[in-house]
Amino acid sequence: MNLRDLRYIVAVADFGHFGRAAEACNVSQPTLSGQIRKLEEELGLAVFERVGHTVRPTLSGGHILAHARRALAAAEDIVAVAAAGRDPLAGPLHLGVIPTLGPYLMPYALPAVQRGLRSMRLVLVEDLTVRLIELVTVGKLDAAIIASDPETLALTAETLFDEDFWLVLGTDNPLAKKNKITIADIDPQSLLLLTDGHCLRDQALELCGAPKNAEEAIADMRATSLKTLLHMAAAGYGMTLIPALALKQEQPLPGPLVARRLSGTKARRRVRLIFRPSHPRRAALAALSKLIRASVKDVLEDARAPELTQA
């Protein structure tokens, strides 16, 4: 058994196909299939179940693959440790980011990284929180920026900043005339939400509560992006919560919409950088964290303007 064999079985598991896995590993399909067959003979069990043209891990194979991924991540860490010994800030850094932050944080963060960490090349991956946590845990990403607690001891979470929520609603809504809007003022029945899997959806439900009649709630109209939520609100379908950085980037708001800041310390989310505690490039992650904080400091402070503010 060697690392090459482990890479082969992980590739087959990821692609679900021997041919595509062989192409990704830059070997012929017979070579890859033969090595996996030898590995299965050495282990004394089948790692994969072959059904027609499809392939899937067996029950035992699934456990083996979990260990294989950890072994490959550890091997990559060894290489990274050597590179970090030469220059911890140099080389590519694979960074995940959630969709409700990527388009809005990166316009500030990327230029700051380009200026302050010229020897580092960020490789960005945008995905949902659950998937990013998994990718960081198994070593496919160096770190990820999320807006919730990863809730696992396998990862370290470092706070980057707290981001206020704003309420976006039509100018004809009575709440638009109030000098102070609280969470209690928001009707959950009228709150537009992102689809399942987005942490912002869960945060909105936790903050404002679930609608009493979910089947008739406007909130049941679920969108896949903040921009879509804004256009739905502009069309008169309801109101929505928007984080401060997104609100800044989405100017001007579509249609007859205004943004009102919510009062209270609970009306915000905490943005975190997550990474493995054993990550060999902690100096690079620390430098990245510092630059991200500095890049949005002024923007977030400006967002904490008086409540009655038209965005």
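Overview of values
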| read-out | value |
| --- | --- |
| Carbon plus sulfur fraction of accessible area for the range 3-81, probe 1.4 Å, in percent | 57 |
| Extension reserve of the residue 71-residue 2 stretch, reckoned as 0.36 nm per residue once the Cα distance is removed | 23.8 nm |
| Point-charge dipole on Cβ atoms (K/R +1, D/E -1) for the chain, about Cα centre, debye to 20 | 800 |
| Of the DSSP H helices in the chain, those whose Cα atoms cover at least 30 Å axially and whose Kyte score averages 0.5 or more | 59-86 |
| Dipole of the range 3-81 [Lys/Arg +1, Asp/Glu -1 at C-beta], most positive-end residue of 30, 60, 8 | 30 |
| Nonlocal amide H pairs with residue 122, under 5 Å, H built at 1.01 Å | 93 |
| Förster radius 45 Å - calculated FRET efficiency between residue 224 and residue 31 (Cβ-Cβ, nearest 0.05) | 0.65 |
| For the range 242-277 versus the range 85-126, the gap between their alpha-carbon centres in whole angstrom | 21 |
| Spin-label model distance (nm) - residue 119 vs residue 187, 7 Å beyond Cα toward Cβ | 6.0 |
| Label point distance in nm, residue 126-residue 178, each placed 7 Å from Cα along Cα→Cβ | 3.3 |
| Highest average packing first - 194-201, 113-120, 240-247, Cβ atoms within 10 Å | 240-247, 194-201, 113-120 |
| For the range 1-43 versus the range 146-170, the gap between their alpha-carbon centres in whole angstrom | 38 |
| Candidate lysines for bridging to residue 177, where Cα separation is under 19 Å - those fewer than 8 sequence places away on the same chain excluded | none |
| Solvent exposure ordering (accessible area, 1.4 Å, most first) of 94, 279 | 94, 279 |
| Label-point separation in nm, residue 237 to residue 17, each point 7 Å along Cα→Cβ | 3.4 |
| In Å², nearest 10: area of residue 81 left accessible to a 1.4 Å probe | 90 |
| Within the accessible area of the range 86-130 (1.4 Å probe), percent carbon and sulfur | 58 |
| Accessible area in square angstrom per residue, the range 87-302, 1.4 angstrom probe | 45 |
| Filter on 266/297; 180/227; 178/266; 38/140; 227/290 - keep pairs with C-alpha separation over 21 Å | 180/227; 38/140; 227/290 |
| Helix-only [θ]222 nm of the chain, DSSP H runs n ≥ 4, -39500 (n - 2.57) each, per residue, nearest 500 | -14000 deg cm²/dmol |
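The values are calculated or read from the model by the stated rules, or taken from the named source; none is laboratory data. As the structure is a prediction and not an experimental result, all values here were calculated from the model. Positions of Cβ are backbone-derived with ideal geometry, glycine not excepted, and every protein chain shown enters the neighbour counts. Side chains are part of the model used for accessible areas, which takes the heavy atoms of the whole protein and leaves out ligands, DNA and RNA. Shrake-Rupley method; radii C 1.70, N 1.55, O 1.52, S 1.80 Å.
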